[in-house]
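Enquirer: First, the structure itself, so that you have it in front of you.
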Amino acid sequence: MIRPHFTLTVATSTDALISPSTETSTADWASAEEQDLFFADIAAADWCIMGRHTHQAADRPDRHRIIFSTTKTGWQRPTQIWLDPAGLTPAELVAQVADIRPLRKGLILGGMRVHDWFLAASSIDLINLTIEPVTFGSGVPVFSGQQERDPLDVFLSRGFAVTEERDLNTAGTRYYQLSPREPQDLR
C-alpha cells in the first residue's frame, strides 16, 4: 500500500486561534491571499478531512469529504462519508474510501479535534500555516490543551520545523510551511 500524504492547512489569528467560535467560517476573517492558497490546496487533494462544524460552514456536495462525527456515520452522499474516528487509524481511514476514490493526498481542514486526531496518529506530513493580522482574544485553538499563544510555537513545540516563510500581502498576513522534524509513520 502506498502511504498517503496528509497536509494540514490552517489559518490562525496572531493569538493562535483558528476561529473566534465554532459558528464562524475562516472565509469571514481571512485574507484573499489565504483563501487563494486554501482553494489551491483543496484542488490538489483527493479527499478533505474535517469535523462536522467545518463541513457545515461550507457544505459542498461536489467535493470528496471525510467528515469526523461521533453521532452520524456512513455515506451521506456519493462523495461524502461520515466516520467516528474513535479507534480508527489513518490506514483504516484510507481503506474506508479506497473503492470510491483512492486517498493519496489528504487535506486536513479542521477543526481542533480533527487536528488532534492526526497529531496523535503522527500523520501530519506537511503544514501550510497562514497567520492573519487579527487577534480574537478567545475562541477555538489549533489543538486541545494548547497553552501557546504564538501560532508558530503551537507547531514548533509539537515537533515541526519551518521549511518556508513569506509575506502574503502588505497587511501583514504571513505564510509558513512546516514539516515534522522526524519522519512520520502511518499507524
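Enquirer: Here are some residues: 71, 54. Which one is open to solvent by 80 Å² or more (accessible area, probe 1.4 Å) and either farther than 20 Å from residue 101 by Cβ or in contact with a strand residue (DSSP E or B) (Cβ under 6 Å, 6 or more places away or on another chain) (or both)?
Expert: Working: 54 fails: open to solvent by 80 Å² or more (accessible area, probe 1.4 Å).
None of the other options fit; the residue is 71.
Enquirer: Which pairs do you get when a residue that is without any contact (Cβ under 8 Å) to a residue 60 or more places away in the chain, found in segment 122-143, comes within reach of a residue that is open to solvent by 30 Å² or more (accessible area, probe 1.4 Å), reach meaning Cβ atoms under 9 angstrom, with the pair 6+ apart or on two chains?
Expert: The qualifying pairs are 143/112; 143/116; 143/119; 143/158.
Enquirer: Can you tell me which residue within segment 150-181, out of those that are in a loop (DSSP other than H, G, I, E, B) and of a type in the set (A, V, I, L, M, F, W, C), is most open to solvent (accessible area, probe 1.4 Å)? Give the derivation first.
Expert: Looking only at segment 150-181, we keep the residues that are in a loop (DSSP other than H, G, I, E, B), and these are 150, 157-159, 168-173, 181.
With of a type in the set (A, V, I, L, M, F, W, C) added as a condition, the list becomes 168, 171.
On the way: 168: 33, 171: 73 Å².
Once the filter is applied, the top-ranked residue is 171.
Enquirer: Here's another thing I want to ask about it. Show me the helices (runs of 4 or more DSSP H) found entirely inside segment 30-108 where at least 2 residues are within 21 Å of residue 128 (Cα to Cα), without any contact (Cβ under 8 Å) to a residue 60 or more places away in the chain and of a type in the set (Val, Ile, Thr).
Expert: Numbers: elements: 32-44, 52-57, 90-97.
Helices (runs of 4 or more DSSP H) meeting the threshold: none at all.
Enquirer: Look at segment 1-13 and say how many of its residues are out of contact with any Pro (no Cβ under 6 Å at 6 or more places or on another chain), open to solvent by less than 60 Å² (accessible area, probe 1.4 Å) and either free of Cβ contacts under 8 Å to residues at least 12 places away in the same chain or not hydrophobic (A, V, I, L, M, F, W, C) (or both).
Expert: 4
Enquirer: Here's something else I'd like to know. Against the condition aliphatic (A, V, I, L, M) and surrounded by fewer than 15 Cβ atoms within 10 Å (Cβ to Cβ), how does residue 30 come out, does it pass?
Expert: Numbers: aliphatic (A, V, I, L, M): yes; surrounded by fewer than 15 Cβ atoms within 10 Å (Cβ to Cβ): no.
The answer is no for residue 30.
Enquirer: Does segment 34-43 include one or more residues that are closer than 24 Å to residue 98 by Cβ and surrounded by 13 or more Cβ atoms within 10 Å (Cβ to Cβ)? Can you show your working first?
Expert: As a first pass, look at segment 34-43 and keep what is closer than 24 Å to residue 98 by Cβ: 41-43.
Those still in the list that are surrounded by 13 or more Cβ atoms within 10 Å (Cβ to Cβ) too: 41-42.
Yes - at least one qualifying residue is present in segment 34-43.
Enquirer: Moving on. I want to confirm something. Restricting to segment 125-149 and keeping residues that are out of contact with any Ser or Thr (no Cβ under 8 Å at 6 or more places or on another chain) and not small (Gly, Ala, Ser), which single residue is most open to solvent (accessible area, probe 1.4 Å)? I'd like the intermediate steps shown before the answer.
Expert: Step one: of segment 125-149, the residues out of contact with any Ser or Thr (no Cβ under 8 Å at 6 or more places or on another chain) are 137-138, 141, 143-147, 149.
Next, from what is left, pick out any that are not small (Gly, Ala, Ser): 141, 143, 146-147, 149.
On the way: 141: 32, 143: 2, 146: 28, 147: 150, 149: 120 Å².
By that ranking, first place goes to 147.
The values are calculated or read from the model by the stated rules, or taken from the named source; none is laboratory data. Just so we're clear, the structure is a prediction, and the values are computed from it rather than from any experiment. Ideal geometry is used to build each Cβ from the backbone, glycine not excepted, and the neighbour counts take in all protein chains shown. With ligands, DNA and RNA removed, areas are computed over all heavy atoms of the protein, side chains included. Shrake-Rupley method; radii C 1.70, N 1.55, O 1.52, S 1.80 Å.
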